[in-house]
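Enquirer: Below you will find the structure I want to go over with you.
The values are calculated or read from the model by the stated rules, or taken from the named source; none is laboratory data. Just so we're clear, the structure is a prediction, and the values are computed from it rather than from any experiment. Every residue, glycine among them, receives a Cβ derived from its backbone with ideal geometry; neighbour counts consider all protein chains shown.
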Amino acid sequence: MVVARAVALRICSPEGAQTGVELDGGPITIGRAAPDHTPDVALGPDPQRWVGRLHCTLDFADGMWSVTDNASVNGTLLRHGETTERLQGRKRIQHGDRLLILGDMTPDGSPMYWELTFLDPHTTRPAPIGAPTDVRHTGPCLRYDWVGAQAYRSDSGKESLITGLRPQGHQLLRYMAGRSTGGAAVACDHAELITALWGARDEWAPHRSYNRMDIAGVVRAVRRCIEPDPSNPRILETVTGIGYRLNVCPGSGT
C-alpha cells in the first residue's frame, strides 16, 4: 500500500542546516520564539531579531494553501520558479514555492536567508527544467463551464455535454476543477474531499460521520456520467493511498 505523504515545509537555515515539519491544516504561524510566544514553526536562534515574532502565516482554505506576511519589519520573499517577489497581502502558495526570510547578514553586508520550501504531494508538480513541454494528458478530459454550471467531456477532439450528474457530483467536479491551475490535472486526498462535500467535522449532524467509502460512492456515480468506460476510469482516476485525480482539459479556465 502507498502511504500518503503530508503537506510539509522543508526548512534550510542561513547556515545550511535542514529540518522539516508537516503541516496539519492551518493557520500555521512562522516566526521567532520569545518567552511568551512560540510560533508553530520557530526560526532560530536569532539573537539579532531579524525574524519577527509573528513573521508570516500559512492558511488552508477552499482547498488551497496561502501565505500572508504579517507586516514584518524585514519582509517575506516568495520565490515561484525563477521569479522572486516581496510578499504583499495574501498569496496562494503551490508545490515547490519557497519563502525567503532574512536570518543574518555576512560581514560584507550580503543577506543570508531562511529558506522554507512548500511541499504538497497531492498536487500536480511542474515538469523538470528541460523536460519536453508538449507532453500532456492525451486521453479524455473534463471541462467545467462555471457560468453555465455544466460539465463537458472532451475525447478525441469531440466535446459532449455530461448529463445525469447529481448535486454532489457537480459539487465534487466543481471543487476539483477549481483547484486546477491552467487546466492542469489536480489530485485531492480523501479528507479534503470529505470536507469539500460535507463540511468540517464539527458541522456534521449528531451521530453522523463520513469516510472514504462515502467519497467512493459519489465518485462511482460521477464516473457513470463522465467516463467513456466507468470500469476503466481515465478522467476521474484513483490515486492509490491518497484520493482521486481529475484530468482537466488543457487551457480550461477557473
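Enquirer: From THR68, THR84, THR76, grab the single residue that is of a type outside the set (Phe, Trp, Tyr), surrounded by fewer than 16 Cβ atoms within 10 Å (Cβ to Cβ) and touching a strand residue (DSSP E or B) at 6+ places or on another chain (Cβ under 6 Å).
Expert: THR84
Enquirer: Return the pairs, sorted by first residue and then second, in which the second residue is outside any loop (DSSP other than H, G, I, E, B) and modelled with pLDDT of 85 or more, the first residue lies in segment 97-111 and is in the same structural domain as THR68 (by TED's automatic domain parsing) and more than 20 Å from SER72 (Cα to Cα), the beta carbons are less than 7 Å apart, and the residues are 6+ apart or on different chains.
Expert: Once the first residue is in the same structural domain as THR68 (by TED's automatic domain parsing) and more than 20 Å from SER72 (Cα to Cα) and sits in segment 97-111, its partners that are outside any loop (DSSP other than H, G, I, E, B) and modelled with pLDDT of 85 or more give THR106/MET112.
Enquirer: Okay, next question. Scan the strands (runs of 3 or more DSSP E) fully inside segment 155-245 and keep the ones with 1 or more residues being small (Gly, Ala, Ser) and touching a Pro at 6+ places or on another chain (Cβ under 8 Å).
Expert: Output list is empty.
Enquirer: Here is a further query. Any residue in segment 222-246 that's among the acidic types (Asp, Glu): show its pairings with residues that are part of a strand (DSSP E or B) and crowded, with 19+ Cβ neighbours inside 10 Å at Cβ separation under 9 Å, as long as the two are six or more apart or on different chains.
Expert: Matching pairs, first to second residue: GLU227/ARG153; GLU227/LEU236; GLU237/ALA187; GLU237/TYR244; GLU237/ARG245; GLU237/LEU246.
Enquirer: Show me the strands (runs of 3 or more DSSP E) entirely contained within segment 1-61 in which 1 or more residues are basic (Lys, Arg) and surrounded by fewer than 17 Cβ atoms within 10 Å (Cβ to Cβ).
Expert: 8-12
Enquirer: Between a residue in segment 57-68 that is acidic (Asp, Glu) and any residue that is in a loop (DSSP other than H, G, I, E, B), which pairs come within a Cβ distance under 7 Å, given they are 6 or more apart or on different chains?
Expert: ASP59/GLY26; ASP59/PRO27
Enquirer: Please go through segment 62-73 and give me each residue that is in a loop (DSSP other than H, G, I, E, B) and either over 23 Å from the mean Cα position of the chain (by Cα) or among the aromatic types (Phe, Trp, Tyr) (or both), ordered by number.
Expert: Across segment 62-73, the qualifying residues are ALA71, SER72, VAL73.
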